[in-house]
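Below: one structure, written as structure tokens.
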Amino acid sequence: MGRRFSLCLIVSVSLVASGLATALTAGSAGAATGRTPGSAAGNPFCKNLGVKYLASAGAQSFCFGAQRNGAAPALRSAAPTVSTNVNAANLAEDVSPSGVRAYGQSETSVAATGQYVVEAWNDATAFFSACPSPSSKEEATGLGFSANGGKSFTDLGGLPNSNCTANLYEGDPSVIAYTAGGSRYFYISSLFDSPTGLGGSYIAMDACKVTGTGTAATLSCGQPVILASSSLCTTITGLGQVCNFLDKDFLSVDPARGRLYASFTEFNINTGASQVEVSACDLGNAAGGAGPAGGTPAAPVCTNNGLQKPPYLVVQQPDPNGCEYEGAYPAVSTVTGDVYAGYEYNVGTNLFNPACFNVATSEVLVRIPRSCLTLTAKAACTGPAARVAVPVVSMDAAFIPGYNRFPMNDFPRVAVSGPAGTVSMVWNDARHHPLGDILLQSFTLGSLAPVQRVPVVLNPAADAANFLPALRVANGKGNLDVSWYSRTNANSAVTGVTAVTGVSPKTTATPGSHATITSATSDWNSVSSDIVPNFGDYTDNVLVTTGTAPYVGGTLYVAWSDGRLGLPQPFEAHLTG
């Protein structure tokens with residue numbers, strides 16, 4: 001079965017890379033759901049995906065629909081070591097209205113406030129569900145809600161979207177929590193695109209409120225709020241209007257000021273050039289009333305300029321050689337209100353674009369001053385006030401055993417530590433071991449002067465493969481909690497999740513102790529999946545939010561896609577410290 005899977009994987013990767021995946025996916029996914037994959041519609045962005053540049057799992061879904069691979073399920077278990085591992089989804093919900101089981105809930109994000117937790121994920125059920133479907137199954141962003149601190153979840157299906165004939169959530173979720181006026185809110189963002197595979201491209205979010213109290217509480221979500229829109233469209237004969245593609249959104253919140261920020265990449269529909277942008281939203285004030293732009297916690301007001309309007313703020317202009325910028329993650333200093341964003345430079349194009357072969361791949365970190373981030377159509381500045389780049393030995397060219405996507409990525413994750421006066425990046429890097437280590441480097445808030453002379457390895461030396469780290473916020477003491485996928489055998493697809501907690505941002509040594517998050521490992525060569533990538537291109541963790549500075553509590557929630565049931569599922573575990 002291993003040889004059979006490997007052959008299937010190689011063929012799948014080759015077809016995507018050559019642009020021929022359309023023939024395998026357009027008929028089944030499009031005909032079944034009324035959703036036309038972008039490749040079948042002739043979208044130029046999809047034609048060049050995997051040929052000229054790299055994009056997200058949501059972009060893969062938008063362009064190619066369902067991509068089948070995998071073999072028989074297998075389970076390899078180990079004794080629990082940290083906490084109960086909980087499936088945030090319900091297998092009974094992963095069935096289309098026609099009775100087709102979908103295989104793939106991956107690419108997870110998590111947030112928590114008080115005893116309430118939300119996890120969101122890419123949901124393959126959308127490939128086989130028409131608009132409208134019960135529980136919004138046609139939406140490719142699914143979510144689960146816990147009212148008991150993550151001990152159990154209710155699978156809520158897809159994000160609500162009453163106008164699904166116009167646009168659909170396409171996955172790549174990010175979840176953030178906020179408390180105001182004695183109520184608790186969750187904001188869940190995702191790619192948001194037309195089911196025709198053409199037209200405008202957007203980043204949207206739902207604002208969700210916890211209603212009721214205690215373990216009887218439920219989650220009530222509103223309708224899509226547009227965070228960002230394509231700034232350029234063009235008309236192509238025979239296709240009509242096609243627009244720049246927005247990708248890889250992620251959220252951060254400034255609870256001290258009632259602001260929400262989203263970072264993402266915009267791909268030019270004509271050239272494929274990429275630029276990193278940020279948008280801002282007014283969430284209202286701490287009492288739950290309207291904020292400076294009229295936004296409230298339940299009805300945020302965002303600085304989206306609308307289709308074919310200039311972006312709110314471009315933090316990274318396109319590279320003149322076409323080298324790609326992607327994987328942006330924001331973090332906020334709740335003391336100053338400054339926003340920091342990290343992203344990767346020359347990802348994907350270090351494989352596909354000869355003009356970028358001699359250009360150093362790097363992690364870029366920028367600072368955007370609070371004074372720049374006005375709640376107006378355009379930000380008060382034209383770019384960041386400070387910028388730093390760290391060279392990377394990229395894992396792009398790695399065929400990770402059991403991982404059904406090529407290329408891999410090295411996207412950074414970012415967190416601000418007020419007590420330490422630092423902003424830190426973590427990423428996977430192949431400079432020491434071919435299948436990766438998790439590296440940390442911190443910088444001084446404001447100036448972005450490096451704190452460590454060289455990046456610090458966070459994972460145990462015995463681990464053979466480490467990738468897709470998670471980091472969101474520092475704890476109350478200013479220390480960092482980092483989690484990631486790990487393997488003890490380089491020649492195996494058996495994967496778990498490892499974490500280090502309470503790491504000083506200023507450390508210069510590998511932590512002495514590590515925690516195993518997963519109570520059962522996953523053999524990803526034995527997991528059936530309709531979705532690419534099968535276990536996502538990011539994981540997530542976050543500390544529970546509080547209503548007072550520093551706005552973080554002592555419970556760390558970790559979210560990842562897990563294959564122990566024989567198909568990708570969104571799991572959660574938590575650690576209390």
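Could you please find all residues in segment 435-474 being of a type in the set (A, V, I, L, M, F, W, C) and in a loop (DSSP other than H, G, I, E, B)?
Leu435, Leu445, Leu448, Ala449, Val451, Val454, Leu458, Ala461, Ala462, Ala464, Leu471, Val473
How do the strands (runs of 3 or more DSSP E) wholly within segment 101-194 filter down when requiring 2 or more residues that are touching a Lys or Arg at 6+ places or on another chain (Cβ under 7 Å): which remain?
Those strands (runs of 3 or more DSSP E) span 154-158, 168-180, 183-193.
Answer yes if at least one residue in segment 386-399 is surrounded by 17 or more Cβ atoms within 10 Å (Cβ to Cβ), outside any loop (DSSP other than H, G, I, E, B), touching a residue at least 60 places away in the same chain (Cβ under 8 Å) and basic (Lys, Arg), and no otherwise.
No, because not a single residue in segment 386-399 is surrounded by 17 or more Cβ atoms within 10 Å (Cβ to Cβ), outside any loop (DSSP other than H, G, I, E, B), touching a residue at least 60 places away in the same chain (Cβ under 8 Å) and basic (Lys, Arg).
Evaluate the following for Asn466: is it surrounded by fewer than 19 Cβ atoms within 10 Å (Cβ to Cβ) and closer than 23 Å to Ser519 by Cβ?
no
Take the residues in segment 274-290 that are assigned to a loop (DSSP other than H, G, I, E, B) and small (Gly, Ala, Ser), then tell me which one is modelled with the lowest pLDDT.
Among those residues, the one meeting the criterion is Ala286.
How many residues are of a type in the set (Ser, Thr, Tyr) and in contact with an Asp or Glu (Cβ under 6 Å, 6 or more places away or on another chain) if we restrict to segment 175-217?
Looking only at that region, the number is 3.
Restricting attention to segment 226-251, which residues are over 18 Å from the mean Cα position of the chain (by Cα), surrounded by fewer than 24 Cβ atoms within 10 Å (Cβ to Cβ) and either of a type in the set (Ser, Thr, Tyr) or within 18 Å of Ala204 (Cα to Cα) (or both)?
Passing the criteria: Ser231, Leu232, Thr234, Thr235, Thr237.
Give the residues of segment 140-165 that are hydroxyl-bearing (Ser, Thr, Tyr) and surrounded by fewer than 22 Cβ atoms within 10 Å (Cβ to Cβ), sorted by residue number.
Ser152, Thr154, Ser162, Thr165
Residues of segment 564-577 being crowded, with 21+ Cβ neighbours inside 10 Å and part of a loop (DSSP other than H, G, I, E, B), which ones?
Arg564, Leu567, Pro568
Among Ser522, Ser492, Ser561, which is the only one that is over 20 Å from Ser252 (Cβ atoms) and not in a strand (DSSP E or B)?
After ruling out the rest, the residue left standing is Ser492.
Check segment 383-399 and report whether any residue there is farther than 25 Å from Gly348 by Cβ and of a type in the set (Val, Ile, Thr).
no
For segment 546-556, which positions are surrounded by fewer than 24 Cβ atoms within 10 Å (Cβ to Cβ) and in a strand (DSSP E or B)?
Val552, Gly553, Gly554, Thr555
Within segment 169-179, restricting attention to residues that are among the small types (Gly, Ala, Ser) and in contact with a Leu (Cβ under 7 Å, 6 or more places away or on another chain), which residue is nearest to Leu260 (Cα to Cα)?
The residue in question is Ser174.
I'd like the residue in segment 128-181 that is of a type in the set (S, T, N, Q) and either at pLDDT below 95 or under 21 Å from Val253 (Cβ atoms) (or both) and, out of all such residues, is nearest to the chain's Cα centre (by Cα).
Going through the qualifying residues, I end up with Ser174.
Which one of these is more than 19 Å from the chain's Cα centre (by Cα) and touching a residue at least 24 places away in the same chain (Cβ under 8 Å): Ser194, Ser106?
Of the residues listed, the single one that is more than 19 Å from the chain's Cα centre (by Cα) and touching a residue at least 24 places away in the same chain (Cβ under 8 Å) is Ser194.
Between Gly512, Gly536, which is in a loop (DSSP other than H, G, I, E, B), touching a residue at least 60 places away in the same chain (Cβ under 8 Å) and farther than 19 Å from Ala415 by Cα?
Gly536
In this structure, does Ser98 turn out to be under 17 Å from Pro570 (Cβ atoms) and at pLDDT 95 or above?
In short, no.
Looking at (1) at pLDDT 95 or above; (2) under 19 Å from the mean Cα position of the chain (by Cα); (3) of a type in the set (D, E, K, R), which is the only condition Arg405 fails?
(1)
If you go through segment 181-195 one residue at a time, do you hit one that is of a type in the set (Ser, Thr, Tyr) and farther than 30 Å from Asn268 by Cβ?
Yes, because at least one residue in segment 181-195 is of a type in the set (Ser, Thr, Tyr) and farther than 30 Å from Asn268 by Cβ.
Which residue is nearest to Val497 (Cα to Cα), if the candidates are limited to segment 509-560 and must be acidic (Asp, Glu) and within 15 Å of the chain's Cα centre (by Cα)?
Asp540
The values are calculated or read from the model by the stated rules, or taken from the named source; none is laboratory data. All figures in this text were calculated on a predicted structure; none of them were measured in a lab. Note: ideal-geometry Cβ built from the backbone for every residue, glycine included; neighbour counts use all protein chains shown.
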